[in-house]
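Input: a single structure, listed below in structure tokens.
The values are calculated or read from the model by the stated rules, or taken from the named source; none is laboratory data. Keep in mind that what you see is a predicted model, and the values were worked out from it rather than measured. Ideal geometry is used to build each Cβ from the backbone, glycine not excepted, and the neighbour counts take in all protein chains shown. What goes into the accessible areas is simple: the full protein's heavy atoms, side chains included, and nothing from ligands, DNA or RNA. Shrake-Rupley method; radii C 1.70, N 1.55, O 1.52, S 1.80 Å.
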Amino acid sequence: MSDKTKRTSLEEEVLGEIRPTTEDLDRMYALADLLIGEINAGGRATGMLVGSVARRTCVRGDRDLDIFMLFDPDLPREELEHEGLSLAHSIASRHAEQAVEKYAEHPYVNATIRGMDIDLVPCYQVASATGIQSAVDRTPFHNRYISAKIGPFTDDVLLLKQFVKAGGVYGSDQMTEGFAGYLCELLTLHYGGFVNLITAGANWRPGLVIDIEKHQAKEFDDPLVVIDPVDPKRNVSASVSLTKLLEFSELCRGYLESPSRWFFYRPPVCIMTREEAEAELSRRGSYLYAIMLPTPPLIEDIVVPQLRKSMQTLTELLERHEFVVARADAEMLQDRSMILFELLVDTLPAVRYHAGPPANSSSNARKFLDKYIYDAAIFAGPFIKDGRYGVEIQRKFRTVRELFSSKDIFQTALGKHVKLAMEEEYTILSGMECWVPGFEIFVSDFLMKRSPLVRIRRMEEQQRIN
């Protein structure tokens, strides 16, 4: 049971503001019952409400309903997709203001109905989670497990969700790399409430393993390992990056030391004005460069890893050509994506030192000398430096823009769909050209990068001053 006696007046005040109202829940359940009734009436599948709304662990204001359509497990995969989409579209056509197909492991329909965001997801009605045929088949088992245990800890889950949302570490998507809702529920159950979890989280270290059911059947090397109670071979916290794990732990320490409302209400995003960003860039004395490309028409879970891979390979390309990268990041919008770099230098001299073979390696040394000894294009050499022959030669690319404009950029290990998009179109931006409408928050955060706790402390200080 959650120890409510330990809950502070601040936490009780926050709970009063974030608990979903009876009216909100009734409205969501009424719509869920309507849709599930239509699924069942078709005779092809069984409807089921899953997720935080089903478990009453949704924060006030959430308008997301996950409706699963459970089909016979003997149905071939191709027919599951066809029948699932057909059923989902038929329901959406009767009720939805708008509907689109999306794709996770297989297609599903996302619809807006009565102002709520509805996912209509086909899956197999398997007998146990270990017999799943697709990842979504596991979700009904999650729903049953949590629903049976979460009752006494519902408020604790709400506090935790609000805490991680405000701290910027909520969400298992590829861009956030943080804590999913199901993970929040499991952590609350394991530690017996919000306060106990925060107290433990303050001392977390990478490599922590939590196995509620004591049935782990596979080893993991993720920063945080939480074994799925319904699947002993799955790590529920696989999405949590080392950075987000440590940021969560930092938030826990900060909250225990000096709690405030800012730990539950995300500080206003500090968007610089264009003039402020320009002044900050000038103050830093560094150089901003960005590659802007059309966002590939795929889901975030596919595009974001490819953007990050491309960011890493372009960083390596820059550094091979001696352009020192201070930091890099990527952002994905619906129609455009940006890979942003801060460099310590963007223009290099014409001369570059090129190291050759050891001077005592007769065969290779002879080839090196034969190649360069009469080369009029070199600046100096060959000469011996630190035991090797070397020459000073003409640099291939003197500026970042020259390098990014060259074909060399496509000879790197860019993400597959990022490369295809860039082959069609990409733009090189520098300095304040990177201040593009839609990316102002991204660029602002990039220039003023701070951990979640530092943001909170600065907001508290600003509040005191004002």
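Observations on the model:
Condition check ((1) loosely packed, with under 15 Cβ neighbours inside 10 Å; (2) not in a loop (DSSP other than H, G, I, E, B)) across all residues:
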{"position": "Asp24", "(1), (2)": "no, yes"}
{"position": "Arg27", "(1), (2)": "no, yes"}
{"position": "Gly37", "(1), (2)": "yes, yes"}
{"position": "Asn40", "(1), (2)": "yes, yes"}
{"position": "Val53", "(1), (2)": "no, yes"}
{"position": "Val59", "(1), (2)": "no, no"}
{"position": "Leu65", "(1), (2)": "no, yes"}
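- If the condition is being assigned to a strand (DSSP E or B) and either in contact with a Gly (Cβ under 9 Å, 6 or more places away or on another chain) or surrounded by fewer than 17 Cβ atoms within 10 Å (Cβ to Cβ) (or both), then the stretch 93-108 contributes Gln98, Val100, Glu101, Lys102, Tyr103, Pro107, Tyr108.
- Taking the conditions (1) of a type in the set (Asp, Glu); (2) within 26 Å of the chain's Cα centre (by Cα); (3) open to solvent by 60 Å² or more (accessible area, probe 1.4 Å); (4) modelled with pLDDT under 95 in turn, Glu433 satisfies each one other than (4).
- Residues of the stretch 109-137 that are open to solvent by 50 Å² or more (accessible area, probe 1.4 Å) and either within 23 Å of Gln98 (Cα to Cα) or assigned to a strand (DSSP E or B) (or both): Arg114, Gly115, Asp117.
- Verdict on Asn364 being among the polar types (S, T, N, Q), open to solvent by 70 Å² or more (accessible area, probe 1.4 Å) and not in a loop (DSSP other than H, G, I, E, B): yes
- Residues of the stretch 300-358 classified as farther than 30 Å from Asp375 by Cα and either of a type outside the set (Phe, Trp, Tyr) or exposed (fewer than 13 other Cβ atoms within 10 Å of the Cβ) (or both), total: 35
- Flag for Phe383 being open to solvent by 20 Å² or more (accessible area, probe 1.4 Å), in a helix (DSSP H, G or I) and either of a type outside the set (S, T, N, Q) or on the phi > 0 side of the Ramachandran plot (or both): no
- Within the stretch 231-264, the set of residues being open to solvent by 50 Å² or more (accessible area, probe 1.4 Å), under 21 Å from the mean Cα position of the chain (by Cα) and farther than 23 Å from Glu219 by Cβ is empty.
- Per-region count, the stretch 145-164, residues touching a residue at least 60 places away in the same chain (Cβ under 8 Å) and open to solvent by 10 Å² or more (accessible area, probe 1.4 Å): 7
- Asp173 meets the conditions (1) of a type in the set (D, E, K, R); (2) buried (at least 17 other Cβ atoms within 10 Å of the Cβ); (3) touching a residue at least 24 places away in the same chain (Cβ under 8 Å) in every case but one. The failed one is (2).
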